[in-house]
Amino acid sequence: MLKTIGVRSLDELIDKTIPASIRSRKALNIPGGPLSEQQYLTSLRQIATLNKVYKTYIGQGYYDTIVPSVILRNVFENPGWYTQYTPYQAEIAQGRLESLLNFQTMVSDLTGLPLANASLLDEGTAAAEAMTMFFNAKNKDHDHITAPKFFVDKNIFSQTKDILLTRAVPVGIELVTGDFNNAAIDSTYFGAIVQYPDSNGAVHDYRAFIQKVQAAGGFVVMATDLLALTLLTPPGELGADAAVGNSQRFGVPMGFGGPHAAFFAAKDDFKRSIPGRIIGVSIDAQGNRALRMALQTREQHIKREKATSNICTAQALLANMAAMYAVYHGPEGLTRIAKRVSLLARTLESELAGLGYNNLNASYFDTIRVQAADPSAIRYAAEERSINFHYSGHYISISLDETTTQEDVLNILEVFTQVEGKGVVTATFDTEDTLDNIPSSVTRTSEFLTHPVFNTHHSETQMMRYMRSLENKDLSLNTSMISLGSCTMKLNAATELIPVSWPEFSKLHPFAPADQWKGYGKLLTELENWLSEITGFAATSLQPNSGAQGEYAGLLTIRAYHADRKEAHRDIILIPISAHGTNPASAVMAGMKVVVVKSDEDGHIDVQDLQEKAEQYKDRLAGLMVTYPSTHGVFEESIKDICQTIHANGGLVYMDGANMNAQVGLTSPGLIGADVCHLNLHKTFAIPHGGGGPGMGPICVIEKLKPYLPKHVSAAPFGSASILLISYAYIKMLGAEGLLRSTEYAILNANYMKARLEKQYKILYSGSNGTCAHEFIVDLRPFKASAGIEAEDVAKRLMDYGFHAPTLSFPVPGTIMIEPTESEDKAELDRFCNALLAIYNEIQAIAEGKADKTDNALKNAPHTQAVICADEWTRAYSRNHAAFPLPYVKENKFWPSVGRVNNTHGDRNLICTCEPVSSYAEETVAG
Ligand SMILES: Cc1ncc(COP(=O)(O)O)c(C=O)c1O
């Protein structure tokens, strides 16, 4: 490989690639590693015993649930699902698109609202997204805000309140907290939020309140609970404009806070402004039904500073799990589960009343709330029995869930009988079918999940096959390399992932008392220290649960720092034109004004333009957002000067850590002179992408920013805590030397591929010594003129060769960006290069007139099995060439399940729930 590149040693390559001025010569201080897989699992078992798994009735948005084993094994623990990427290449992602469409249908049906997305990060941020969506809808002219107020009912979850506050302040939203029963709403309010059932567990009829807000011209979002909605009148039928919540209790472990998929549903009017991704139905080149992400023009890379949300990575894998839970149980099964929970709660209510504890919730679904003279006595007795309730002053609430049994109810009662000094515990279990704890005015009467997919796969055999049939349609890392530049699709090692399912980690509630999560405490502190060491910074916050959330958290840190120095007017943020779209979107959310910095001809930041702008805005400069190595895959030599320029003009430097896979051990954000950065743990630190999430985006800061780290950017204290285990394992098993080697190999692999391809393809941008960092950009624009071939044609043709396309048209339109990572061996790199070189020959054949300009294998790609096997074949090239262009393809053919997807058709006819059965009529006849 070194010979192909033209260097004598790996050291020489690295010396040529990393500017000496920012090169670290010091080994990372990662004590205790490296460990073998066996050693690691043994040591983690020890740490796991420090976590105590109590029976938890804390509620507040997180509930114990039974993860159906068939879903645990076939989705959660299956690389066929968890190593998928976001479904940008729809033709090889139909399985997860189908499942996400099921998720949207499930959310839409249960909430009674026509439009749902797939999916958001957590309930708190979903509520904040609804708030900003309403704010923008009502205040179209941001210079003349007429309705700045948002009403927050006092009984929404406190973590949601905290996040709303975090998100409201920078954009000038005024939160008014009160009781919805007597809220005075006028035209200065753009909206309101209520919780259904509320944080105490009480169920209210919000119709009158919703009408009051809407009469004043505002919108209402209801934060709600999918399981409760099987029994309660859905928000849409109550008149709400939007509904949000957490789908966690649909078979996704609590995991000490996550990951889980939040949901977001809204009225049709919000079609163009709903945050996050929407999966929609369209057709393919042959006119067959095909799914894809709809309205992609809304995606952040296009909207940049005009974006109203920065959601990129969300929680696709967990949305798929929740959708599968609904598919498995169906409407009847879900209703049965909900009723059982509610009936057990009713028994608990009546037995507690007998002991003198009256339920304070007049109407409820699963939660009993009582007052106690001495709550600490109850807490003591409960914890002695390994039971957690939710305590708030003299009030105790007990939220039951799917896992609660009759025996559990007896155990709860035993706590109270002991405190009351009463004798034997008995209970008469309520088996009545009428749930008089839910008033008829809010009892659900409408049907839901009537689509066949929710009424077919109810046995394990059916379910296993259904999930497998979807998995087969998707290309993930268990098929071939996914060389997505900027996304770092590296190995997600089984040993790193296995402990995420251990009960000591998966069954902890995020608000469990601290003495029950000492194991988590230990490893999270270690991880914080390691990430600080790796970035060369002083402190780390593990809260943000995506890269974009990290950006937002980092910018809030910068904002708070300036404000504390009486420089709150510093609101200008410089962002290079080549930045990822989430950068400007996050900046706007943080209340900053974006000023774009140009790139020079080599793709580097235009230093002169940067200097001029930094000086021009020096009185208002908040800072710079910069990706390093650049989004063009180059270590810019000027980076230190760039940072100094920003500092000299009073700003701070935010480094986007998406490209950390080229830095770890060789240099660091601290060394280049940045002040704060986020890390995408789902890139560099081995968390799988899960088809578009989960992810984690912790931020690291220099000493002086430590006091300003924000506390409430995610609903849970440590974001999606359970997957932090994966990054912990990655660092622990590699140790300092392994981390360094990984970075070096990532750079080696990229340079090897570059060397193999550069005779045929023009490679855009390289460092001063001609090397690239961990990724490189291949320019496909010349082929437009020579052969009429576009980047998209190459991307789709790669599917016929069994590969996922590299990152398409980012950061430069008409290009592909290749990032092989250290995880791929030479044979796989060669296979990929051979495919690209063969495609080059195909393009040349068109350019030379040997192949037709329109009827060729590139323009018609990808080729499905149905097309290849059809009775009729009229194309100007052979079937064999279309489907098996190189010998290796025959040995392990991956068939795209649909032909090229028509995006515009789908956007013009937006359908984002499972279509009615009639639309399958033709399929049924054919079958
Ligand atoms: C350079 C860059 N910045 C930021 C992000 C956003 O990260 P996330 O998707 O985790 O929100 C990405 C995601 O791909 C990226 O490539």
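The values are calculated or read from the model by the stated rules, or taken from the named source; none is laboratory data. Predicted model only: the values in this text are computed from it and were never measured. Cβ: placed from backbone, ideal geometry, glycine included. Neighbour counts: every protein chain shown. These accessible areas exclude ligands, DNA and RNA; they are computed on the full protein's heavy atoms, side chains included. Shrake-Rupley method; radii C 1.70, N 1.55, O 1.52, S 1.80 Å.
Selection of the range 626-670 for residues being within 16 Å of the ligand (Cβ to nearest atom), polar (S, T, N, Q) and not in a helix (DSSP H, G or I) yields Thr627, Ser630, Thr631, Asn659, Gln663.
Do you know which of the residues in the range 71-88 that are closer than 21 Å to Asn903 by Cβ and open to solvent by less than 10 Å² (accessible area, probe 1.4 Å) is modelled with the highest pLDDT?
Filtering first and then ranking leaves Gln84.
Every residue, every condition in (1) open to solvent by less than 10 Å² (accessible area, probe 1.4 Å); (2) modelled with pLDDT under 95; (3) more than 30 Å from Arg8 (Cα to Cα), yes or no:
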site: Leu740; (1), (2), (3): no, no, no
site: Gly767; (1), (2), (3): no, yes, no
site: Glu790; (1), (2), (3): no, no, yes
site: Arg797; (1), (2), (3): yes, no, yes
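Check Ile747, Ile731, Ile687 and return the single one that is open to solvent by less than 10 Å² (accessible area, probe 1.4 Å), in a loop (DSSP other than H, G, I, E, B), at pLDDT 95 or above and closer than 30 Å to Leu13 by Cα.
Numbers: Ile747 fails: in a loop (DSSP other than H, G, I, E, B); Ile731 fails: in a loop (DSSP other than H, G, I, E, B).
Matching residue, one of Ile747, Ile731, Ile687: Ile687.
Filter the range 29-47 for residues that are more than 12 Å from Lys732 (Cα to Cα) and crowded, with 19+ Cβ neighbours inside 10 Å and give the result. Scanning the range 29-47 gives a single hit, Ile47.
Would it be correct to say that Lys618 is more than 16 Å from the ligand (Cβ to nearest atom), of a type in the set (Lys, Arg), in contact with an Asp or Glu (Cβ under 9 Å, 6 or more places away or on another chain) and under 29 Å from Gly172 (Cβ atoms)?
no
Comparison of Ile482, Ile398 shows that the only residue that is β-branched (Val, Ile, Thr), in contact (Cβ under 8 Å) with a residue 60 or more places away in the chain and within 16 Å of the ligand (Cβ to nearest atom) is Ile482. Among the residues of the range 532-569, those identified as touching a residue at least 12 places away in the same chain (Cβ under 8 Å) and open to solvent by 30 Å² or more (accessible area, probe 1.4 Å) are Glu533, Gly536, Ala538, Arg559, Ala560, Asp564, Glu567, His569. Which one is nearest to the ligand (Cβ to nearest atom), of the residues in the range 501-526 that are open to solvent by less than 10 Å² (accessible area, probe 1.4 Å) and in a helix (DSSP H, G or I)? Step by step, filter the range 501-526, then rank; the result is Leu524. The set of residues from the range 527-584 being within 16 Å of the ligand (Cβ to nearest atom), among the hydrophobic types (A, V, I, L, M, F, W, C) and in a loop (DSSP other than H, G, I, E, B) comprises Leu542, Ile577, Ala579.
Checking each residue in the range 682-692 for being over 9 Å from the mean Cα position of the chain (by Cα) and within 9 Å of the ligand (Cβ to nearest atom) picks out His682, Lys683. Out of curiosity, is Ile92 open to solvent by 10 Å² or more (accessible area, probe 1.4 Å) and of a type in the set (Val, Ile, Thr)? So Ile92 does not fit the description; no. Taking the stated definitions as given, is Leu97 in contact (Cβ under 8 Å) with a residue 12 or more places away in the chain and under 28 Å from Asp284 (Cα atoms)? Yes: the conditions hold for Leu97.
Residue by residue, here is whether (1) of a type in the set (Gly, Ala, Ser); (2) in contact with a helix residue (DSSP H, G or I) (Cβ under 9 Å, 6 or more places away or on another chain) holds:
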site: Ala721; (1), (2): yes, yes
site: Leu739; (1), (2): no, yes
site: Tyr745; (1), (2): no, yes
site: Leu748; (1), (2): no, yes
site: Arg756; (1), (2): no, yes
site: Leu764; (1), (2): no, no
site: Ala773; (1), (2): yes, yes
site: Ser786; (1), (2): yes, yes
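Scan the strands (runs of 3 or more DSSP E) fully inside the range 100-201 and keep the ones with 1 or more residues being touching a residue at least 24 places away in the same chain (Cβ under 8 Å) and surrounded by 23 or more Cβ atoms within 10 Å (Cβ to Cβ). Counting at least 1 such residues, we get 149-153, 189-196. Looking across the range 585-609, the residues that are closer than 26 Å to His562 by Cβ and in a loop (DSSP other than H, G, I, E, B) come down to Ala590, Gly591, Met592, Lys598, Asp606.
Can you confirm whether Leu666 is in contact with a Lys or Arg (Cβ under 9 Å, 6 or more places away or on another chain), open to solvent by less than 10 Å² (accessible area, probe 1.4 Å), farther than 28 Å from Gly80 by Cβ and at pLDDT 95 or above? Spelling it out, Leu666 is indeed in contact with a Lys or Arg (Cβ under 9 Å, 6 or more places away or on another chain), open to solvent by less than 10 Å² (accessible area, probe 1.4 Å), farther than 28 Å from Gly80 by Cβ and at pLDDT 95 or above. When you scan the range 865-883, do you find a residue that is of a type in the set (Gly, Ala, Ser), open to solvent by 10 Å² or more (accessible area, probe 1.4 Å), in contact (Cβ under 8 Å) with a residue 12 or more places away in the chain and closer than 30 Å to Met1 by Cβ, even just one? Among the residues of the range 865-883, not one is of a type in the set (Gly, Ala, Ser), open to solvent by 10 Å² or more (accessible area, probe 1.4 Å), in contact (Cβ under 8 Å) with a residue 12 or more places away in the chain and closer than 30 Å to Met1 by Cβ, which makes the answer no. Filtered by the rule that a residue be open to solvent by 60 Å² or more (accessible area, probe 1.4 Å) and touching a residue at least 12 places away in the same chain (Cβ under 8 Å), the range 832-857 gives Asn834, Asp852, Lys853, Thr854.
In the set Asn892, Asn909, Asn860, only one residue is closer than 19 Å to Phe803 by Cβ and surrounded by fewer than 16 Cβ atoms within 10 Å (Cβ to Cβ); that residue is Asn892.
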